[in-house]
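Bear in mind that the values in this text are calculations on the coordinates, not laboratory data. Everything numeric in this text was worked out from a predicted model, so none of it was measured. Cβ placement follows ideal geometry from the backbone for every residue including glycine, while neighbour counts extend to all protein chains displayed.
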Number of protein chains: 2
Amino acid sequence: MPNTTRDRLIGATADLFRRQGYTGTGVKQIVEAAGAPFGSMYHFFPEGKEALGAETITWSGAMYGQLIDLFYVAGSDPVRATRNFFEAAADTVRDTDYADACPIATVALEVASTSEPLRRATAEVFQSWLAAIDTRLVQAGLTKTRARRLSVSLFALLEGAFILARATRDHTHVRTAGRAAADLVQAALDQRSAQRSALRAGRGRK
Amino acid sequence: MPNTTRDRLIGATADLFRRQGYTGTGVKQIVEAAGAPFGSMYHFFPEGKEALGAETITWSGAMYGQLIDLFYVAGSDPVRATRNFFEAAADTVRDTDYADACPIATVALEVASTSEPLRRATAEVFQSWLAAIDTRLVQAGLTKTRARRLSVSLFALLEGAFILARATRDHTHVRTAGRAAADLVQAALDQRSAQRSALRAGRGRK
DNA sequence: GGAGGAATAGAGCGATCGCTCTAATCGGAG
DNA sequence: CTCCGATTAGAGCGATCGCTCTATTCCTCC
């Protein structure tokens, strides 16, 4: 049963959070954007704005997480996937007039020191993204620890580039970060290969 | 003439912006934190909160920018400098209970789509940071375009890692990003050396 | 020691904040 | 058709928002 009032509230909130953050978005503005009656807001979210915020963070995180699976297809080249992901992100940032980058980064920074429930929600989303990338990188032959190291760096490159791109209104920064990200993935894969050769050589010598 | 009311207003605002962002910080909260009379706020900043915000962004940016010069000393090893910078940042984040990371990233994301004056202020700060790193990297032998590519990536790794660290309350993410950053710097320097050798070889052959 | 601008001090404005409350309306089950 | 919970609808609460305004005090220069 899609497109319910509840869903529209979350969707509108997600939209507004991206552009204005958490504190910058008012409840009345949300219900207006959602085309929902004001009473419905507190009917579906009796615990108020914070609860709606948490739900929105989780929902937005799941949406954006699907993009990871879309680009990092099992068995495909993770270097190419990384390049494509960053290129697509740069395009989106440019095409949306520097409004749509990460759906929850703004809120994450805002609430990190002000609301434990919301902070936790953002943390869980980020962890789930890292886990998703980890899976693909391990499938590509990396150890778990190397995969985690890499996924953290890819995340940071993307999020950091988003900040720079939105502030300077220059999407090429995301492409630049994407190039570095692809380099890091390539280096990790090379290291894996080198290790394997060394292992083979070692076994052969024994 | 330091420690004037005006200075204390900016200092208090910088402090609050880090933790609560722009919209999350009230004018009355600022004057209280600064121990300043309310009237003084509008005496020194007749154009209101936005003007104070812009000034604070510029000031905070200059403060943080000094750290770049502190770590990237002319003539020293940029790989080591990068490692040290990220390690120090991770320590700070940990020691301040995940409050003090980038002084203006939160505000930058908040205002990117809502206030042109403030957005511009954050953009100028970021550009100045990139320029500062560029200078050092060019001194280390990189071309301008390669230096810029690298500085953007270093910026992104740091800022992105800050987001992740604050959200998950795990400072090791900043260290992980620092390792990747150092790797990128090393790779850029290696590439420079390789290019030089190739150039020498080419000239010798001619 | 006045004069006069800089700075301090805070009451209070209209608007908006998140939220509570009551009442009306809707729609499916018996 | 009746009933009854789910949902819609919105008035209005106290608090806070950014800000204006009028006094008053402070300090400097003549």
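With all pairs of different C-alpha atoms in the average, the Kirkwood value for the hydrodynamic radius of the range A:69-206 is 16.3 Å.
Between the residues A:V73, B:I104, B:Y64, the greatest Cα displacement towards the positive end of the dipole of the protein assembly as shown, with unit charges on the Cβ of Lys, Arg, Asp and Glu, is found for A:V73. What shape does the range A:124-173 have by the C-alpha gyration tensor, where a ≥ b ≥ c are the square roots of the eigenvalues, rounded means a/c under 1.5, and otherwise prolate means a/b greater than b/c and oblate the rest? Prolate is the answer for the range A:124-173, as a/c is 1.5 or above and a/b outweighs b/c. Read phi for every residue in the range B:113-122 and hand back ³J(HN,Hα) as whole Hz from Karplus 6.51 cos²θ - 1.76 cosθ + 1.60, θ = phi - 60°, with x for Gly and Pro. These are the phi-based 3J(HN,Hα) values: 10, 10, 8, 4, x, 5, 4, 4, 4, 5 Hz. Is the range A:1-145 rounded, prolate or oblate when judged by the Cα gyration tensor, a ≥ b ≥ c being the square roots of its eigenvalues, rounded requiring a/c under 1.5 and prolate requiring a/b larger than b/c? It is prolate, given that a/c is not under 1.5 and a/b is the larger ratio.
Positive end of the dipole of the protein assembly as shown, charges at C-beta (+1 Lys, Arg; -1 Asp, Glu), about the Cα centre: which of A:A167, B:T82, A:G11 has its Cα farthest in that direction? Result: B:T82. The calculated FRET efficiency for the pair B:E116 and A:Q191, based on their C-beta separation and a Förster distance of 51 Å, comes to about 0.65.
Rounded, prolate or oblate: pick one for the range B:4-89, where a ≥ b ≥ c are the square roots of the eigenvalues of its C-alpha gyration tensor, a/c under 1.5 means rounded, and failing that, prolate if a/b is larger than b/c, else oblate. Since a/c reaches 1.5 and a/b is larger than b/c, the shape of the range B:4-89 is classed as prolate. Charge dipole of the range B:84-136 (Cα centre as origin; +1 on each Lys and Arg Cβ, -1 on each Asp and Glu Cβ, all else neutral): 220 debye, rounded to the nearest 20.
Could you calculate the FRET efficiency of A:D7 with A:R169 from 1/(1 + (r/R0)^6), where r is the beta carbon distance between them and R0 is 25 Å, rounded to 0.05? So the FRET efficiency works out to roughly 0.20. For chain A, the mean residue ellipticity at 222 nm estimated from helices alone is -26500 deg cm²/dmol, where every DSSP H run of n ≥ 4 contributes -39500 (n - 2.57) and the total is divided by all residues, rounded to the nearest 500.
With Cα atoms defining each centre, the range A:88-139 and the range A:1-42 are spaced 19 Å apart in the structure. Under 15 Å of direct C-alpha separation, and excluding same-chain neighbours fewer than eight residues apart, B:K28 reaches these aspartates and glutamates: B:D15, B:E50. The Cβ shell under 15 Å around B:V107 holds other residues with a net charge of -1, Lys and Arg each +1, Asp and Glu each -1. Taking 0.36 nm per residue of sequence separation and removing the Cα-Cα distance, the A:A198/A:Q66 pair yields an extension gain of 43.8 nm. In this rough spin-label picture, where each label sits 7 Å from Cα along the Cβ direction, the B:A74-B:D97 distance is 4.2 nm.
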